[in-house]
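Here is the structure we will look at.
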Amino acid sequence: MYLQGECYKLEYGKRSPGAESDKEDEKDDPNETKRPYMRYHYYYYHDKLEELCIDMCNELIKYHQRMADEGNGVNDKTFQLWAENQLRLKAQWQETTNEEERDSLYKRLVIATKSIHYDLIDLGEKPYMLVVCADSAFRETGRGLYFTLPQLRTFCLRSGLKPEGKGDHFKVKGIDGSWYEFSTLFYEEKKDAVGFDEDTFYYLRNGLRINIKNFWAPDECLHESLIQQITGRNIRNMVVHSLKE
């Protein structure tokens, strides 16, 4: 996949990203010429370059799916190719008994059966969509498939509804005849709190505020049950488990 844009321009100094040092002489020199992102990683991790490139590609795919947009070489066509390849890798991972090969495949998978992973859903026509699947014992009340706001807007469009507005603030008339309004402005952080367990997120239904309980994360916060309520579509039944060649 061809990668372009700001992600390619990221720069680092001598030390690895996120590394800290107590020694003053090991800190980055502000006058030092910094290396471009890919050159930096090749310099320090040349023996894992393929793995780093795969990770970068996967992260870009996930980002643009969460934002329900295109860019950095990611579009409907390249995403669908990636999605189908993920299904092939998953099938290989499930079939092989060689531990080394399984570990190698697992590192490349985004849709593996981890407690927190991503699932592909089929809306009846390509491309698929990529949504978060949370099934972690650490958050018993936050299990299920989760959408971001831009993903919900796109899902409504592809389901025949007519949302008004952009991905960060829109309203849509659901199949029940009610008007639903969503906005990033409806997210309220609890001051001086650790994490986001005490944060509040809500939406408007016919103008009335309804708090969303047990959302998985600040961005992936719309549970499959709410999506079904608005669109009438059972998301769980749309999950793609294997590739039909």
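The values are calculated or read from the model by the stated rules, or taken from the named source; none is laboratory data. Everything numeric in this text was worked out from a predicted model, so none of it was measured. Neighbour counts are summed over all protein chains in view; Cβ atoms, including those assigned to glycine, are modelled from backbone coordinates with ideal geometry. For accessibility, only protein heavy atoms count, side chains too; no ligands or nucleic acids. Shrake-Rupley method; radii C 1.70, N 1.55, O 1.52, S 1.80 Å.
Listing for the model above:
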{"item": "Members of region 93-137 that are among the polar types (S, T, N, Q) and either buried (at least 20 other Cβ atoms within 10 Å of the Cβ) or more than 29 Å from residue 227 (Cα to Cα) (or both)", "result": "94, 96, 97, 98, 104"}
{"item": "Selection count, region 144-161, where residues are open to solvent by 10 Å² or more (accessible area, probe 1.4 Å) and assigned to a loop (DSSP other than H, G, I, E, B)", "result": "3"}
{"item": "Residues being open to solvent by 30 Å² or more (accessible area, probe 1.4 Å), touching a residue at least 12 places away in the same chain (Cβ under 8 Å), within 20 Å of residue 67 (Cα to Cα) and outside any strand (DSSP E or B) - total across region 162-188", "result": "3"}
{"item": "Evaluation of residue 126 against (1) in a helix (DSSP H, G or I); (2) in contact with a helix residue (DSSP H, G or I) (Cβ under 7 Å, 6 or more places away or on another chain); (3) more than 24 Å from residue 52 (Cα to Cα); (4) basic (Lys, Arg) (one fails), failing number", "result": "(1)"}
{"item": "Some residue of region 83-92 being crowded, with 17+ Cβ neighbours inside 10 Å and closer than 21 Å to residue 167 by Cβ", "result": "yes"}
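To keep it simple, each residue is scored yes or no on (1) modelled with pLDDT of 90 or more; (2) farther than 16 Å from residue 130 by Cα.
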site	(1), (2)
70	yes, no
80	yes, no
86	yes, no
94	yes, yes
113	no, no
116	no, no
